[in-house]
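The values are calculated or read from the model by the stated rules, or taken from the named source; none is laboratory data. Quantities reported herein were computed from a predicted structural model and do not represent experimental measurements. Here the Cβ positions follow ideal geometry from the backbone for every residue, glycine too, while neighbour counts run over all protein chains shown. In case anyone asks, the SASA skips ligands and DNA or RNA and just uses the protein heavy atoms, side chains included. Shrake-Rupley method; radii C 1.70, N 1.55, O 1.52, S 1.80 Å.
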Amino acid sequence: QVQLLESGGGLVQAGESLRLSCAASGSIFSILDMGWYRQAPGKQRELVAVINFGGSTNYGDSVKGRFTISRDSSQHSVYLQMNSLKPEDTAVYYCNVVIPGRSYWGQGTQVTVSS
């Protein structure tokens, strides 16, 4: 089993920044991808950003140029720096970790951006 602990959500005003963190623990043998997804009320869960073991990244179109994903040297934590936040970024943000054959999700952290 892999446990994911997310932190960093909150309420901010448009234009401000937030940094989300996700720490993985447990039966970590070979983490492949680590990423962030989000789900707004009434909408499907969507990709925000993902980073693979080699450091390659992929971003959702709506966050390109504003958000930056990174992972630490231990490869067990992933971060999402969110700048220039917009009201449409309001959602529950979920950490996702992929190991060979399995995918794990965090419990989610709320990000609310007021206009």
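A few notes on this one:
- Protein accessible area in segment 27-106, 1.4 Å probe - carbon and sulfur %: 49 percent
- Bridges between two residues of the chain, per DSSP, are antiparallel at a rate of about 90%.
- Burial order of peptide ranges 54-60, 81-87 (average beta-carbon count within 10 Å, highest first): 81-87, 54-60
- Glu16 contributes about 80 Å² of solvent-accessible surface, heavy atoms of the protein only, 1.4 Å probe.
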